[in-house]
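Inspection log for the structure reproduced underneath, given as structure tokens.
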Amino acid sequence: MAQTLEQALHLARTGESKRLARAANVLDGLPVGGWPSTNEAMHRLVDDLPFRAEREYTREQFIARAYTIEHADARTSGIYRCAL
């Protein structure tokens, strides 16, 4: 049975899965958008998620639930903040 988004978020929040906990924090504090540091973090996030065939959610769905976007200033379209 494939992992659900709710299961992934629970494992990340409680620290039961170190990989998912790391995925839930990799974007924290980074700017939203195509910045090099953000793109690199997105690749690390995918590496920490289970293989796509082993989960029922997309990277984008995980990000939408694990993060909020804080609108910091006029230079960026926001900053990712971990919401777990």
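Readers should treat all values here as calculations from the given coordinates under stated rules, not as data from a laboratory. Worth saying up front: this structure is predicted, and the values here are computed from it rather than measured.
Using only Cα atoms, what is the ratio of the radius of gyration of segment 5-82 to 2.2 N^0.38 Å?
Output field value: 1.08.
Where does the chain land at 222 nm, in deg cm²/dmol rounded to the nearest 500, when only DSSP H runs of n ≥ 4 count, each adding -39500 (n - 2.57), divided by all residues?
Working: 4 runs with 37 residues, N = 84.
Calculated mean residue ellipticity at 222 nm is -12500 deg cm²/dmol.
Helix 36-48 versus the longest principal axis of the chain: what is the Cα-based angle in degrees, 0 to 90, to the nearest 10?
10
Using only the alpha-carbon atoms, how far is helix 5-14 inclined from the longest principal axis of the chain? Give it as 0 to 90 degrees, nearest 10.
80
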